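Report on one structure; see the data block that follows.
The values are calculated or read from the model by the stated rules, or taken from the named source; none is laboratory data. Small disclaimer: the values here were computed from a predicted structure and weren't measured. Reconstructed Cβ throughout: ideal geometry from the backbone, glycine too, with neighbour counts over all protein chains shown. Note: accessible area is taken over every heavy atom of the protein model, side chains too, but ligands, DNA and RNA are not part of it. Shrake-Rupley method; radii C 1.70, N 1.55, O 1.52, S 1.80 Å.
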Amino acid sequence: MWCQRLVWLLQGRRGSTGRRWLWLPRGPRPILAAPARCHPTAPASPCCTWQLHQDHLELRYGSTVMRLDFVWLRDHCRSASCYNAKTNQRSLDTASVDLAIRPQAVRVDETTLFLTWPDGHVTRYGLEWLARNSYEGQKQQVMHPRILWNAEIYRQAQVPSIDCRSFLETDEGLKEFLQNFLLYGIAFVENVTPTKEDTKILAERISIIRETIYGRMWYFTSDFSRGDTAYTKLALDRHTDTTYFQEPCGIQVFHCLKHEGTGGRTLLVDGFHAAEQVLRQAPEHFELLAKVPLKHEYVENVGGCHNHMIGVGPVLNVYPWNNELYLIRYNNYDRAVINTMPHDVVRRWYHAHRALTAELRRPDNELWVKLKPGKALFVDNWRVLHGREAFTGYRQLCGCYLTRDDVLNTARLLGLQA
């Protein structure tokens with residue numbers, strides 16, 4: 001599981017009061033000189049109770065117990081003077097908020113929390129909004145819903161490819177494509193004219209193309225034109241791309257324009273599924289891979305291409321509040337010298353890395369697909385590892401990298417959670 005719940009110890013005696021407003025004393029005195037008491041809302045809303053502490057409000061709404069700091073409550077006020085609803089931007093200067101601020105009065109009804117501050121300003125929060133946006137609410141939520149898969153799970157799902165015309169010309173086709181991509185980390189578009197120009201049009205439907213040291217749109221052949229193993233006919237083990245960028249490219253597009261020969265199938269592995277297995281079997285390995293930063297490096301001096309790129313980060317990247325994995329940085333080709341961890345951690349890291357590698361190399365986790373002219377593949381480079389088998393003959397691919405923010409922006413505008 002990506003979400004791990006924390007257990008909160010709630011202190012103070014339970015109690016009740018018929019008052020709907022609580023007026024707090026002025027001056028530097030503590031808010032609570034006596035033990036805290038619980039204040040229920042009106043009888044029509046028995047699922048909500050609240051309790052004042054020295055520096056925060058504890059609010060129980062349904063099954064969520066929130067601890068809301070007074071500074072946080074003042075800073076996030078959505079009143080017209082504090083927040084511009086047209087631009088969705090904060091107007092309040094956070095640095096102007098007194099760090100010792102305390103509300104002068106608190107009231108909670110069936111749906112809303114009201115706070116009156118010492119200067120008379122009133123802040124209102126919907127209880128549902130607080131439940132979603134509090135730390136306690138966020139740690140129970142998943143940022144990016146996904147379906148983890150191995151080869152059999154993906155085949156049984158029978159995820160459809162999207163026709164190029166539907167993808168380009170209809171919101172329905174685009175939305176279906178993006179939903180598949182968000183859930184599985186890969187998606188296909190069929191009936192694409194096998195040219196670099198048409199592939200570019202396809203990519204720009206969902207994102208700005210990210211220009212890198214490889215250009216914007218690239219041709220990919222085994223001509224050794226770049227200092228990278230990918231520009232050969234050799235097999236490539238599973239990996240994510242651009243691990244040597246400080247922020248690895250988010251999405252990669254592949255389109256095979258021509259192949260006159262044998263072999264060359266593309267390998268796809270759900271890195272998040274493999275990491276989930278490590279988390280279940282050896283959580284200490286998962287934790288180590290998520291904490292220890294590594295360097296990845298790309299050094300190139302071929303023809304007119306001179307580059308020295310270094311990217312730093314752990315193999316597994318998680319959101320700290322809910323332990324949800326959002327990026328895997330795995331490339332044994334480009335991993336630099338391990339000099340970012342002390343001696344007593346090195347061997348433990350190798351054991352953890354071996355456990356993850358074993359999962360990534362399990363045959364039942366390998367999805368093999370044959371790319372062909374007209375079938376474009378989009379890969380979530382933060383999640384799905386790709387590789388290929390060796391091939392013979394002339395094989396030409398084109399593709400590009402897309403900016404992750406733009407792809408997710410397109411998905412959200414179509415109503416998807418991304």
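Count, please, the residues in region 245-262 that happen to be closer than 13 Å to Gly311 by Cα and open to solvent by less than 10 Å² (accessible area, probe 1.4 Å). Outline the logic, then answer.
From region 245-262, those closer than 13 Å to Gly311 by Cα are 245-249; that's our starting set.
Then keep just the ones that are open to solvent by less than 10 Å² (accessible area, probe 1.4 Å); that gives 248-249.
Qualifying residue count, region 245-262: 2.
All of (1) touching a strand residue (DSSP E or B) at 6+ places or on another chain (Cβ under 9 Å); (2) loosely packed, with under 15 Cβ neighbours inside 10 Å; (3) closer than 30 Å to Phe272 by Cα hold for Glu110 with one exception: (3).
Looking only at region 279-298, filter to residues that are assigned to a helix (DSSP H, G or I) and of a type in the set (D, E, K, R); which one of those is most open to solvent (accessible area, probe 1.4 Å)?
Pass one, region 279-298, residues assigned to a helix (DSSP H, G or I): 279-281, 283-291.
If we keep only those that are of a type in the set (D, E, K, R) as well, we get 280, 284, 287, 291.
Numbers: Arg280: 159, Glu284: 108, Glu287: 92, Lys291: 140 Å².
Filtering region 279-298 for residues that are assigned to a helix (DSSP H, G or I) and of a type in the set (D, E, K, R), the one most open to solvent (accessible area, probe 1.4 Å) comes out as Arg280.
Every condition in (1) buried (at least 18 other Cβ atoms within 10 Å of the Cβ); (2) within 23 Å of the chain's Cα centre (by Cα); (3) at pLDDT 95 or above is met by Ala376 except one, and the failing one is (2). For region 304-314, taking the residues that are surrounded by 15 or more Cβ atoms within 10 Å (Cβ to Cβ) and among the small types (Gly, Ala, Ser), the one that is farthest from Glu136 (Cα to Cα) is identified as Gly311.
Where strands (runs of 3 or more DSSP E) fall entirely within region 299-418, those with at least 2 residues that are touching a residue at least 12 places away in the same chain (Cβ under 8 Å) and within 20 Å of Val253 (Cβ to Cβ) are at 324-328, 367-369, 376-380, 384-388, 394-402.
Figure legend. Inter-residue proximity from region 188-200: first residues touching a residue at least 24 places away in the same chain (Cβ under 8 Å) and more than 12 Å from Leu397 (Cβ to Cβ), second residues among the hydroxyl-bearing types (Ser, Thr, Tyr) and part of a loop (DSSP other than H, G, I, E, B), beta-carbon distance below 6 Å, spacing 6+ or different chains. Indicated pairs: Phe188/Ser161; Glu190/Ser161. Taking region 255-308 as the range and being charged (D, E, K, R) and at pLDDT below 95 as the test, the residues that pass are Lys258, Glu260, Arg265, Glu300. Among the conditions (1) closer than 18 Å to His255 by Cα; (2) free of Cβ contacts under 8 Å to residues at least 40 places away in the same chain; (3) open to solvent by 40 Å² or more (accessible area, probe 1.4 Å), the only one that Phe167 does not satisfy is (3). Determine the pairs where a residue that is within 13 Å of Val384 (Cβ to Cβ), located within region 149-164, has a partner that is assigned to a loop (DSSP other than H, G, I, E, B) and not hydroxyl-bearing (Ser, Thr, Tyr) with Cβ atoms under 7 Å apart, the partner being 6 or more residues away or on another chain. Listed pairs, sorted by first residue: Ala151/Glu366.
Yes or no: Arg412 in contact with a strand residue (DSSP E or B) (Cβ under 9 Å, 6 or more places away or on another chain), open to solvent by 10 Å² or more (accessible area, probe 1.4 Å) and not polar (S, T, N, Q)?
Details: in contact with a strand residue (DSSP E or B) (Cβ under 9 Å, 6 or more places away or on another chain): no; open to solvent by 10 Å² or more (accessible area, probe 1.4 Å): yes; not polar (S, T, N, Q): yes.
No, not satisfied.
If I ask for residues that are over 29 Å from Leu316 (Cβ atoms) and of a type in the set (Lys, Arg), which ones from region 380-418 would you list? Correct list: Arg395 only. Confirm whether Lys139 is under 30 Å from Thr262 (Cβ atoms), among the charged types (D, E, K, R) and in contact (Cβ under 8 Å) with a residue 60 or more places away in the chain. So Lys139 fails the test. Taken over region 315-331, the residue count meeting the criterion of being open to solvent by less than 40 Å² (accessible area, probe 1.4 Å) and either of a type in the set (A, V, I, L, M, F, W, C) or over 20 Å from Met143 (Cα atoms) (or both) is 8. When each of Tyr125, Tyr154 is tested for being hydroxyl-bearing (Ser, Thr, Tyr), more than 21 Å from Asp55 (Cβ to Cβ) and touching a strand residue (DSSP E or B) at 6+ places or on another chain (Cβ under 9 Å), the lone residue that passes is Tyr154.
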